[in-house]
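Peer 1: What follows is a single structure, and I will ask about it in a moment.
The values are calculated or read from the model by the stated rules, or taken from the named source; none is laboratory data. The structure displayed is predicted, hence computed values, not measured ones. Neighbour counts are summed over all protein chains in view; Cβ atoms, including those assigned to glycine, are modelled from backbone coordinates with ideal geometry. Accessible surface is based on the protein model in full, side chains and every heavy atom, while ligands, DNA and RNA are left aside. Shrake-Rupley method; radii C 1.70, N 1.55, O 1.52, S 1.80 Å.
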Amino acid sequence: TVKKGVPVEWKYGSSAENSFEYYYETYQDSKYTGESIIVKAADLKNESGKMSTVDWEGRTAVLSDDSSEYIAFDVTVPESGLYQIEVDYYLTEGNSDAGKRSVTIDGEGPFTESNDLVFERFFMDESEPVVNSLGDETRPSQIAIPSWRTTKLHDSTGIYSEPFSFYLEAGKHTVSLIYLKMNMYISEIRLVAPTQIRSYAEVSAEYAAKGYKAASAEKVHFQAELTAIEKNNPTLRRENDGDPMNEPKSDVSRKLNVMGGYRWRTGNQSITWEFEVPEDGLYKIAMYQKQMWNDGLPSYRQIAIDGEVPFQELSAYKFEYDTKWTLLTLSDDAGNPFQFYLTKGKHTMTMTVKIGELAPILTSIQNDIGILSDMLLKINLLAGSDPDPNYDYQFFRKIPGLEENMKYIVQSMNEKYDLIKGLSEKTPAMANNFLTIATQIQDLIDDPFKIAAHVSEMESSQENLSQWYLSLQSLPLVIDYFDVGSPNEEWKSKSSNIFQRLGVTAMQFASSFTKDYDNVGSILTDDVVVNTTINVWIARGTEWAEVIKEMADEDFTPETGIAINVNVLPSSQLNAGNVNALMLRSE
């Protein structure tokens, strides 16, 4: 483990001693394998003692709200080992926020990430898209799905693909959930054995032993935007893509024909789809998808069928960078399609954003930022905020561990460069930035007299690493449709060619002479009485204008009789003293 200011043996991706990674490495060989230990609502307490239970949506529960600092329970575990904590919860109404809690065991947080636990809220489309007066589909509003949910305590960022495990010595312990955000009811908490997800080889062998056969029915083809039944973030919604191969085609009139996209990029954001198969059997699954973001790096998704990850290879499945739409069949590294045993009837598939193979790089960057910050602090303490470049401060002699930590940074940057290159389809700017930092720090190691003159470069390196740390946590993916069918079928990928794309561009260009792209289309119904109309000009993106227009058409105009014409103009035209705004809105 890296400790600042002392010589260390370099280890790539090594984490701070208070991280879950280090914690899990310490106890991973001691896993509880027994029966679940159940804690009922009646056994929960807070700082005032036993909590009062209530009947809530069919269950006996307690309310965890801001009137109490925490809820807690005492539990006696039969053996020492790692346990996972599972909670049945129901978020109260109020807003779209998720619940937030931290956990302590016997009064202490076991690791840093246990201070930020998320209890997700789920959403669905309130209706089908409405076509506005311009012929474009408008996005439906999102509504929360009120229901009891079950979750295992997990990280809030998607760095870890599996839930947290907590080490408990045999005997009595007190576990507390500290209130951070949003009220919620809790009906039951369970301490369970850590999840054991088998490999695909093990699952496939089981299928063979049970005599499962390939399905013979025709493939099931379903649209991603039409079959999404829930998502854990209201910003995840139907999107538009104008590629001529998308279904349905969106050319002159906008169709909300895909799901996900750039909004579906943050760790643990999930979308669930529902589909139906006609018979029992083994199936393969493909999706028409595109991952054109992240400067060449892949995105990752955890894929669950009917709420469970079927095998380890789907804990963080890789979606390679590609600017074209492709039909991707879920497969192993050799390209052999995975087979899923599905019974006749309805099933769900949930895809959740995970950091995947980028996680150790992300962890390492976080450590590097901390080490650079510590070095800069000690350099400033010795030489001040404006060091004299002509004075020899003897940094390596007067700051113990500075040289060793600089060497660590150089090795870490070089290792990250190699790993990023190995994961990406092209060399991202991030990789070259790692090499630049390594070269700059190595130059200071070779001639420590230069440190005083190059402190600003070290500060820039720290800022750049902070930017890459955020960038690596952005993992978008967009999906058009899914195919579920027999493993014996041959499916070929397809992508639009330049002539097809030029055809769509020509159609859109021709329509621009008749379609008013500055005016936001109306969704007013014929029975709404309009007494007067006012013009509103917005220096925001078209999407902002559409939201305002939809809100006005749904509520304001029916109540007041005042219609709103919303128009869009470039934000740059609202600069002080600029008269172009008046010219652009002239009629």
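Peer 1: Restricting to region 378-393, count the residues that are assigned to a helix (DSSP H, G or I) and either touching a strand residue (DSSP E or B) at 6+ places or on another chain (Cβ under 6 Å) or open to solvent by 20 Å² or more (accessible area, probe 1.4 Å) (or both).
Peer 2: Of the residues in region 378-393, 4 are assigned to a helix (DSSP H, G or I) and either touching a strand residue (DSSP E or B) at 6+ places or on another chain (Cβ under 6 Å) or open to solvent by 20 Å² or more (accessible area, probe 1.4 Å) (or both).
Peer 1: In this structure, is residue 176 part of a strand (DSSP E or B), more than 26 Å from residue 472 (Cβ to Cβ), open to solvent by less than 50 Å² (accessible area, probe 1.4 Å) and in contact with a Gly (Cβ under 8 Å, 6 or more places away or on another chain)? Walk me through it before giving the result.
Peer 2: Values: part of a strand (DSSP E or B): yes; more than 26 Å from residue 472 (Cβ to Cβ): yes; open to solvent by less than 50 Å² (accessible area, probe 1.4 Å): yes; in contact with a Gly (Cβ under 8 Å, 6 or more places away or on another chain): yes.
Criteria met by residue 176.
Peer 1: When you check residue 466 against the structure, is it part of a helix (DSSP H, G or I), modelled with pLDDT under 85, of a type outside the set (Phe, Trp, Tyr) and under 30 Å from residue 429 (Cα atoms), yes or no? Write out each step before concluding.
Peer 2: Details: part of a helix (DSSP H, G or I): yes; modelled with pLDDT under 85: no; of a type outside the set (Phe, Trp, Tyr): yes; under 30 Å from residue 429 (Cα atoms): yes.
No.
Peer 1: Also, quick follow-up: Does residue 435 meet the test of being more than 26 Å from residue 388 (Cβ to Cβ), of a type in the set (A, V, I, L, M) and either outside any loop (DSSP other than H, G, I, E, B) or in contact with an Asp or Glu (Cβ under 9 Å, 6 or more places away or on another chain) (or both)? Write out each step before concluding.
Peer 2: On the way: more than 26 Å from residue 388 (Cβ to Cβ): yes; of a type in the set (A, V, I, L, M): yes; either outside any loop (DSSP other than H, G, I, E, B) or in contact with an Asp or Glu (Cβ under 9 Å, 6 or more places away or on another chain) (or both): yes.
The answer is yes for residue 435.
Peer 1: Here is a further query. Considering only residues that are surrounded by 10 or more Cβ atoms within 10 Å (Cβ to Cβ), in a helix (DSSP H, G or I) and at pLDDT 55 or above, which ones fall in region 555-582? Spell out how you get there, then give the answer.
Peer 2: Taking region 555-582 first, the residues surrounded by 10 or more Cβ atoms within 10 Å (Cβ to Cβ) are 555-558, 560-575, 578, 580-582.
Checking which are in a helix (DSSP H, G or I) leaves us with 555-558, 560, 571-574, 580-582.
Those that are surrounded by 10 or more Cβ atoms within 10 Å (Cβ to Cβ), in a helix (DSSP H, G or I) and at pLDDT 55 or above: 555, 556, 557, 558, 560, 571, 572, 573, 574, 580.
Peer 1: Evaluate region 322-330: report whether one residue or more is without any contact (Cβ under 8 Å) to a residue 40 or more places away in the chain, surrounded by fewer than 16 Cβ atoms within 10 Å (Cβ to Cβ) and more than 15 Å from residue 162 (Cα to Cα). Please lay out each step first, then the result.
Peer 2: Keep residues of region 322-330 that are without any contact (Cβ under 8 Å) to a residue 40 or more places away in the chain, which gives 323.
When the remaining residues are screened for being surrounded by fewer than 16 Cβ atoms within 10 Å (Cβ to Cβ), the result is 323.
Filter once more, so that each one left must be more than 15 Å from residue 162 (Cα to Cα): 323.
Checked against the condition, which is being without any contact (Cβ under 8 Å) to a residue 40 or more places away in the chain, surrounded by fewer than 16 Cβ atoms within 10 Å (Cβ to Cβ) and more than 15 Å from residue 162 (Cα to Cα), region 322-330 yields at least one hit.
Peer 1: Hey, could you check region 320-339 for residues that are modelled with pLDDT of 95 or more, of a type outside the set (Ser, Thr, Tyr) and assigned to a strand (DSSP E or B) and say which is farthest from the chain's Cα centre (by Cα)?
Peer 2: 337
Peer 1: Limited to region 36-72, what total is found for residues that are among the hydroxyl-bearing types (Ser, Thr, Tyr), part of a loop (DSSP other than H, G, I, E, B) and either touching a Pro at 6+ places or on another chain (Cβ under 7 Å) or under 17 Å from residue 99 (Cβ atoms) (or both)? Talk me through it step by step, then tell me what you get.
Peer 2: First, the residues of region 36-72 that are among the hydroxyl-bearing types (Ser, Thr, Tyr): 36, 48, 52-53, 60, 64, 67-68, 70.
Adding the requirement that they be part of a loop (DSSP other than H, G, I, E, B) leaves 36, 48, 52-53, 67-68.
Right, trim to either touching a Pro at 6+ places or on another chain (Cβ under 7 Å) or under 17 Å from residue 99 (Cβ atoms) (or both) and you get 67-68.
The number of residues fulfilling the criteria is 2.
This table checks each residue for (1) closer than 26 Å to residue 194 by Cα; (2) at pLDDT 95 or above; (3) touching a Leu at 6+ places or on another chain (Cβ under 7 Å); (4) open to solvent by 60 Å² or more (accessible area, probe 1.4 Å).
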| residue | (1), (2), (3), (4) |
| --- | --- |
| 3 | no, no, no, yes |
| 9 | no, no, no, yes |
| 16 | yes, no, no, no |
| 21 | yes, no, no, no |
| 38 | yes, yes, no, yes |
| 53 | no, yes, no, yes |
| 83 | yes, yes, yes, no |
| 89 | yes, yes, no, no |
| 104 | yes, yes, no, no |
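Peer 1: Now a separate question. Any residue in region 57-81 that is open to solvent by less than 80 Å² (accessible area, probe 1.4 Å) sitting within a Cβ distance under 6 Å of a residue that is charged (D, E, K, R) and in a strand (DSSP E or B)? List the pairs, counting only those 6 or more apart or interchain.
Peer 2: 72/45; 81/31
Peer 1: Continuing with the same structure: With the condition kept exactly as written, say whether any residue in region 547-554 is in contact with a Gly (Cβ under 8 Å, 6 or more places away or on another chain), at pLDDT 65 or above and closer than 21 Å to residue 234 by Cα. Break it down into steps so the answer makes sense when it comes.
Peer 2: Start the filter on region 547-554 by keeping residues that are in contact with a Gly (Cβ under 8 Å, 6 or more places away or on another chain), which leaves 549.
Subset that is at pLDDT 65 or above: 549.
Pick out the ones that are also closer than 21 Å to residue 234 by Cα and you get 549.
The answer is yes; a qualifying residue exists.
Peer 1: Among the residues of region 203-217, is there at least one that is part of a loop (DSSP other than H, G, I, E, B), in contact with a Pro (Cβ under 8 Å, 6 or more places away or on another chain), farther than 30 Å from residue 77 by Cβ and modelled with pLDDT under 95?
Peer 2: yes
Peer 1: From (1) at pLDDT below 80; (2) in contact with a helix residue (DSSP H, G or I) (Cβ under 7 Å, 6 or more places away or on another chain); (3) assigned to a helix (DSSP H, G or I); (4) polar (S, T, N, Q), pick out the condition that doesn't hold for residue 522.
Peer 2: (3)
Peer 1: Give just the number: which of (1) touching a residue at least 40 places away in the same chain (Cβ under 8 Å); (2) of a type in the set (Gly, Ala, Ser); (3) in a loop (DSSP other than H, G, I, E, B); (4) over 18 Å from residue 98 (Cβ atoms) does residue 127 not satisfy?
Peer 2: (1)
Peer 1: Could you say whether any residue in region 195-218 is over 27 Å from residue 84 (Cβ atoms), crowded, with 16+ Cβ neighbours inside 10 Å and among the small types (Gly, Ala, Ser)?
Peer 2: Yes, region 195-218 contains at least one residue that is over 27 Å from residue 84 (Cβ atoms), crowded, with 16+ Cβ neighbours inside 10 Å and among the small types (Gly, Ala, Ser).
Peer 1: Still on this model: Could you please tell me which pairs satisfy a Cβ distance under 6 Å, a separation of 6+ or placement on different chains, a first residue in region 250-270 that is under 19 Å from residue 496 (Cβ atoms), and a second residue that is part of a loop (DSSP other than H, G, I, E, B) and among the small types (Gly, Ala, Ser)?
Peer 2: Close Cβ pairs (under 6 Å, with a partner that is part of a loop (DSSP other than H, G, I, E, B) and among the small types (Gly, Ala, Ser)) amount to 250/242; 253/135; 257/250.
Peer 1: Select from region 137-150 the residues that are in a loop (DSSP other than H, G, I, E, B) and under 15 Å from residue 553 (Cα atoms) and list them in ascending order.
Peer 2: Going through region 137-150, the residues in a loop (DSSP other than H, G, I, E, B) turn out to be 139-141, 145-148.
Scanning region 137-150 gives 139, 140, 141.
Peer 1: Hey, another quick one. Looking at this structure, is residue 315 buried (at least 19 other Cβ atoms within 10 Å of the Cβ), among the hydroxyl-bearing types (Ser, Thr, Tyr) and farther than 30 Å from residue 399 by Cβ? Reasoning before the result, please.
Peer 2: Values: buried (at least 19 other Cβ atoms within 10 Å of the Cβ): yes; among the hydroxyl-bearing types (Ser, Thr, Tyr): yes; farther than 30 Å from residue 399 by Cβ: yes.
So residue 315 passes the test.
Peer 1: So, residue 92, is that one under 22 Å from residue 179 (Cα atoms) and polar (S, T, N, Q) or not? Can you show your working first?
Peer 2: Details: under 22 Å from residue 179 (Cα atoms): yes; polar (S, T, N, Q): yes.
When the stated conditions are applied, residue 92 passes them.
Peer 1: Which of the residues that make up region 302-319 are among the hydrophobic types (A, V, I, L, M, F, W, C), farther than 20 Å from residue 277 by Cα and not in a strand (DSSP E or B)?
Peer 2: Going residue by residue through region 302-319, those that are among the hydrophobic types (A, V, I, L, M, F, W, C) are 303-305, 309, 311, 314, 316, 319.
When the remaining residues are screened for being farther than 20 Å from residue 277 by Cα, the result is 311, 314, 316, 319.
Matches in region 302-319: 311, 314, 316.
Peer 1: Taking into account only those residues within region 337-377 that are of a type in the set (Val, Ile, Thr) and open to solvent by 10 Å² or more (accessible area, probe 1.4 Å), which is farthest from residue 456 (Cα to Cα)? Quick ask: steps written out before the conclusion?
Peer 2: First pass over region 337-377, keeping only residues of a type in the set (Val, Ile, Thr): 343, 348, 350, 352-353, 355, 361, 363, 365, 369, 371.
Applying the additional criterion that residues be open to solvent by 10 Å² or more (accessible area, probe 1.4 Å) yields 343, 348, 350, 352, 363, 369.
Values: 343: 62, 348: 53, 350: 46, 352: 40, 363: 24, 369: 15 Å.
Among those that are of a type in the set (Val, Ile, Thr) and open to solvent by 10 Å² or more (accessible area, probe 1.4 Å), it is 343.
Peer 1: Identify all residues within region 263-300 that are in a strand (DSSP E or B), among the aromatic types (Phe, Trp, Tyr) and surrounded by fewer than 20 Cβ atoms within 10 Å (Cβ to Cβ); write none if there are none.
Peer 2: The first filter runs over region 263-300 and keeps only residues in a strand (DSSP E or B), leaving 270-277, 281-291, 299-300.
Keeping just the survivors that are among the aromatic types (Phe, Trp, Tyr) gives 273, 275, 283, 288, 300.
Scanning region 263-300 gives a single hit, 275.
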